[in-house]
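Following: one structure in structure tokens, then a few remarks.
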Amino acid sequence: MAKKNTKSSPPAEEAPKLYTTLEREASASFIEKKSEFIGYAAPVKTEEEAVEFIRRIRAKHTDARHNCYAYQLHGGGTARYSDDGEPQGTAGVPILDVIKKSGVDDCCVVVTRYFGGILLGAGGLVRAYANGAKIALEAAHIVTYEEYAEFGIVCDYAAYQKLDYELPKYGVLVDGSDFGGDVTLRLAIKAARFDEFADKVAEMFGGRVRAELTGKRFDFR
């Protein structure tokens, strides 16, 4: 019986790990039926930072009728919100919903309302607070980072000259370099490409020079 030719499929590329958050603290405002809504957004890493941001905005607007908020941390593992006196479900939940739909993590949004004397109704409040959150996030600039592998290489000067030519081909970032008896490089590369580059380095120098993983971080894509 004739044997069938079979081809093994190449391993699927690992999807890059991404992290979406806010670039900076910012605010934006609009008027709805004489009520002023001011949305504030900020990147935060802990609940303590979120609580402090909320406290700071409340202190800035002690004369406002409402300072409603929501925040999300750790990929949605921690999420809190408050209607701050508005009808239940008309402020905090819409703010949190906008955060979740935007894909932003580790952020806090406060929407301050100065009441203009005209009732908006439940539907109007939901739309207004959602819009306040939306424009605040836009003002704070949503950014997406990709996971990078940090690594080091120690080599002689001849090897360094060859490596220096290869680094841009793989999108390697140079975090630092020390030139002494040997060259010590502190580098970073998209995590999904680290093994490929490490294999290339080992191949180039017959295993005499190696890329040693030292850590991971998120950086611009």
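Here, each number is a calculation from the coordinates, and none is a lab measurement. Remember, it's a predicted structure, so these values are computed and weren't measured experimentally. Neighbour counts are summed over all protein chains in view; Cβ atoms, including those assigned to glycine, are modelled from backbone coordinates with ideal geometry.
Summary table
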item: Filtered residue count, segment 171-194, keeping only those that are of a type outside the set (Val, Ile, Thr), surrounded by 14 or more Cβ atoms within 10 Å (Cβ to Cβ) and under 15 Å from residue 147 (Cα atoms); result: 8
item: Verdict on residue 165 being touching a helix residue (DSSP H, G or I) at 6+ places or on another chain (Cβ under 6 Å) and under 30 Å from residue 18 (Cα atoms); result: no
item: Residue that is farthest from residue 86 (Cα to Cα), among those in segment 57-74 that are outside any helix (DSSP H, G or I) and of a type in the set (A, V, I, L, M); result: 73
item: Considering residues of segment 137-159 that are more than 17 Å from residue 212 (Cα to Cα) and aliphatic (A, V, I, L, M) only, the residue surrounded by the fewest Cβ atoms within 10 Å (Cβ to Cβ); result: 158
item: Among the candidates 134, 200, 162, residue that is part of a helix (DSSP H, G or I), surrounded by fewer than 14 Cβ atoms within 10 Å (Cβ to Cβ) and charged (D, E, K, R); result: 162
item: Evaluation of residue 94 against (1) closer than 18 Å to residue 41 by Cβ; (2) touching a residue at least 60 places away in the same chain (Cβ under 8 Å) (one fails), failing number; result: (2)
item: Residue among 143, 209 that alone is of a type in the set (Val, Ile, Thr) and in a strand (DSSP E or B); result: 143
item: Residue in segment 203-212 that is under 29 Å from the mean Cα position of the chain (by Cα) and surrounded by 15 or more Cβ atoms within 10 Å (Cβ to Cβ) present; result: yes
item: Positions within segment 20-56 being in contact (Cβ under 8 Å) with a residue 40 or more places away in the chain, of a type in the set (Asp, Glu) and not in a loop (DSSP other than H, G, I, E, B), in sequence order; result: 32, 36, 49
